[in-house]
1. Here are the criteria: (1) in contact (Cβ under 8 Å) with a residue 60 or more places away in the chain; (2) more than 23 Å from the chain's Cα centre (by Cα). Tell me which single one residue 187 does not satisfy.
2. Any chance you could count how many residues in the stretch 75-93 are assigned to a helix (DSSP H, G or I) and under 19 Å from residue 170 (Cβ atoms)?
3. May I ask you to list the residues in the stretch 128-148 that are in contact with a helix residue (DSSP H, G or I) (Cβ under 9 Å, 6 or more places away or on another chain), without any contact (Cβ under 8 Å) to a residue 60 or more places away in the chain and either more than 15 Å from residue 110 (Cα to Cα) or assigned to a helix (DSSP H, G or I) (or both)?
4. Hey, among 152, 164, 124, which residue is within 21 Å of residue 82 (Cβ to Cβ), surrounded by fewer than 22 Cβ atoms within 10 Å (Cβ to Cβ) and in contact with a helix residue (DSSP H, G or I) (Cβ under 7 Å, 6 or more places away or on another chain)?
5. I need the full set of residues from the stretch 94-121 which are in a loop (DSSP other than H, G, I, E, B), closer than 14 Å to residue 168 by Cα and touching a helix residue (DSSP H, G or I) at 6+ places or on another chain (Cβ under 6 Å), in order please.
6. Given the structure, is residue 101 buried (at least 17 other Cβ atoms within 10 Å of the Cβ), in contact (Cβ under 8 Å) with a residue 60 or more places away in the chain and under 13 Å from residue 185 (Cα atoms)?
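Computed from the coordinates by the stated procedures, all read-outs in this text should not be read as laboratory data. This is a predicted model, so every value here is computed, not measured. In this analysis, Cβ positions are derived from the backbone assuming ideal geometry, glycine residues included, and neighbour counts consider all displayed protein chains.
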């Protein structure tokens with residue numbers, strides 16, 4: 001591919017192409033962060049200044065760009081927003097006891113997986129997760145907080161609902177909060 005423009009534009013385009021190529025290489029965190037990164041960043045091309053002149057054939061409509069390419073974030077995402085985006089991406093995946101993704105989950109495996117994508121490591125056990133999170137009153141829960149039941153945990157999404165991996169034979173789903181809540185916690 002022939003690139004036009006100054007050296008800086010070509011170098012930046014090359015860097016973008018390399019980052020896209022390296023992003024395609026699988027690693028342990030790539031799957032959890034892929035959906036978040038696709039929403040968080042876009043590449044914008046500089047404005048078109050002029051048409052190339054004096055070239056016949058299919059290249060006649062090519063444009064010469066001036067100015068550097070740049071990254072434009074849609075918005076800064078909070079940890080809770082990352083957690084919710086990752087958890088929503090798991091909807092419909094099957095429950096499997098002891099599973100922590102990316103294709104199957106148990107309840108604490110789902111919460112651990114989603115919070116890991118936001119840079120927070122949690123243990124793979126609902127009781128241990130309750131011990132390591134900051135307790136919050138149930139009435140003061142915010143989206144992204146963990147909601148605890150006897151031997152179960154889910155991610156509060158707001159509006160009296162949570163995302164959780166319920167039990168064997170079921171899939172990750174959005175469900176209303178149940179009345180037997182024993183606590184809520186906010187990972188740091």
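1. (2)
2. 3
3. The answer is 128, 129.
4. Just a single option satisfies the conditions, and that option is 124.
5. Scanning the stretch 94-121 gives a single hit, 99.
6. Taking the combined requirement at face value, the residue does not satisfy it.
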